[in-house]
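Every number in this text was worked out from the coordinates using simple rules, so none of it is lab data. The structure presented is a predicted model; accordingly, all values stated were derived computationally and were not measured. All Cβ positions, even for glycine, are placed from backbone atoms using ideal geometry, and neighbour counts span all protein chains on display.
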Amino acid sequence: MDSGEERSLLEVRDLSLTLGGNRILENVNMDVRHGHIHALIGPNGAGKTTLIRSIMGSMPHKGTVRFTFCDNGRIGYVPQLLEFDHSVPITVFDFLFLMLRKSPLFLSRRKPMRSEILEILSATECEHLIDRGVGYLSGGEFRRVLLAQALVPKPELLLLDEPASNVDEVGARQFEQMLIELKEGQGHSILMVSHDMQTILRIADRVTAINRTVTYDGSPDHLSLSDLMINLRPEVG
């Protein structure tokens, strides 16, 4: 019998999507295994974010998306871009308080929530940001806050769209270590969109490359230069 790490948590079969008469995805097949970091690569406009949204059920598509959860069946999601007015004078505490509160605002008690939010931020080692204005966060700091929020309640699958975008080299390496800890220390399965091949080679267990359809699926160690040239070149036409 296969162990949990060897079984598929997510199976995508023959997924196709057409928008405005344009074929965005065509017959995409992919498996994400339990306990793996699975990277999704491809050129700009290849359909990576559309595939993530289709997996989440927020885009109309043909084909099958099937999950085999072992625990709570929750999915955490960090988008590539979050529409947010950074000029609004709001702290990280306020931001998470508004996102996580379960009762109406006038009934919410802020004091007990502070310790809860500190614990949430500790998952991505950014408790020190709790009173920082969101508009003053660096790109890497804001990504950490978003990732911390995505971990509540604990998900079985994390979907990350360019999790290290707008992050410097030091911040990117710290982010890599966090993802490894989430996988190895806490048992999360992760599907992430990334353009950073060095990150992928360092931490990914498997890679799927798409350019409308799947052009490579396998170990990052077997990803050749010719594969990269095909997969990172934007499609013409």
The range 120-184 pair-distance distribution - Cα-Cα, 5 Å bins, rounded %: 3, 17, 31, 28, 15, 5, 0
Sites F69 and S165 - FRET efficiency at Förster radius 30 Å, r taken between beta-carbons, to 0.05: 0.60
Overall Cα dimensions of the range 113-157 - principal axes, largest extent first, Å: 31, 22, 14
Within the range 148-181: backbone nitrogen closer than 11 Å to the S219 label point (7 Å, Cα to C-beta): none
Mean-position separation - Cα centroids, the range 193-220 and the range 108-151, in angstrom: 30 Å
Most to least packed among 7-16, 66-75, 199-208 [average Cβ atoms within 10 Å]: 199-208, 7-16, 66-75
Approximate spin-label separation S122-E181, in nm, with each point projected 7 Å along Cα-to-Cβ: 1.2 nm
